[in-house]
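The values are calculated or read from the model by the stated rules, or taken from the named source; none is laboratory data. Not measured: the values here are computed from a predicted model. All Cβ positions, glycine included, derive from the backbone under ideal geometry; neighbour counts span all protein chains shown.
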Amino acid sequence: MVFHGNETMMFGDVDASGLGHFAHQVRLLERAEFQFMSHVGIDPHEWFMKRYLFPRVKLEVDYTAPLHFADNVRLDVQVGHLGRTSFSLVIDVINMTTRAKAMAARMVIVVLDPTTEQPTLLPMELRGAFEPYLVEPVKSVDGGEE
C-alpha cells in the first residue's frame, strides 16, 4: 500500500529563479513523514517528542525533475524496511503540475530511548502501523506473508 500526501511549492521552497532549492526540497520529505505518521495513527508530537527519539541516520535523494513555485506535489510514502531498532521510508515526490517524478528518496531512521539515547526495539505499535505500507511484504518460511 502507498500513502499519498499533498503539498504546494511555496516561495520559501524555491530559489531566486523560481526553481525548487534542493535543500528546501528535503523539507518536503519531512512533511511527507509527518503526514504519513499522522495517517497511520501515530501522533508525531507524542511519539517524536515524548516517547522516543527518531534521528535520521541516512538520507539518499535523487532529484530527477524540477519543481517550481506554485507546483502541486504528491508525496508517495512506503516503508522500505522494518528492522529491530530502525526503519526506512521510501518517498517519491511527484510534480502533479507536470506529471513528472521530481524526487526519489530513502530515509533511514533509528529508534532511540530518550533517557539513554541508545537504540531500542522498534515498538510493536509502530511496526503494526507500518506493516501494510511495506514495499515488499516479508515472506515466511512456508511462502506466506508474515
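Residues to consider are PHE11, PHE48; find the one that is of a type in the set (A, V, I, L, M, F, W, C) and either more than 18 Å from LEU126 (Cα to Cα) or modelled with pLDDT of 95 or more (or both).
Unique residue meeting the criteria: PHE11.
Given the conditions (1) free of Cβ contacts under 8 Å to residues at least 12 places away in the same chain; (2) over 13 Å from the mean Cα position of the chain (by Cα); (3) within 23 Å of LEU134 (Cα to Cα), and given that PHE34 satisfies all but one, which numbered condition is not satisfied?
(2)
Within region 110-124, work out how many residues are part of a strand (DSSP E or B) and either without any contact (Cβ under 8 Å) to a residue 60 or more places away in the chain or in contact with a helix residue (DSSP H, G or I) (Cβ under 8 Å, 6 or more places away or on another chain) (or both).
Matching residues across region 110-124 total 2.
Of the conditions (1) farther than 21 Å from VAL135 by Cβ; (2) modelled with pLDDT under 95; (3) loosely packed, with under 15 Cβ neighbours inside 10 Å, LEU53 clears all except one; give me its number.
(3)
Yes or no, residue by residue, for (1) in contact with a strand residue (DSSP E or B) (Cβ under 8 Å, 6 or more places away or on another chain); (2) modelled with pLDDT of 95 or more; (3) farther than 20 Å from GLU125 by Cα; (4) aromatic (Phe, Trp, Tyr):
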| residue | (1), (2), (3), (4) |
| --- | --- |
| ILE42 | no, no, no, no |
| GLU60 | yes, yes, yes, no |
| TYR63 | yes, no, yes, yes |
| ARG74 | yes, yes, yes, no |
| LEU82 | yes, yes, no, no |
| ASN95 | yes, yes, yes, no |
| ALA105 | yes, yes, yes, no |
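What is the one condition in (1) surrounded by 11 or more Cβ atoms within 10 Å (Cβ to Cβ); (2) more than 21 Å from TRP47 (Cβ to Cβ); (3) modelled with pLDDT of 95 or more that PRO119 does not satisfy?
(2)
Working carefully through the options PHE36, PHE22, PHE54, PHE3, find the one that is among the aromatic types (Phe, Trp, Tyr) and in contact with a His (Cβ under 7 Å, 6 or more places away or on another chain).
From the options PHE36, PHE22, PHE54, PHE3, the qualifying one is PHE3.
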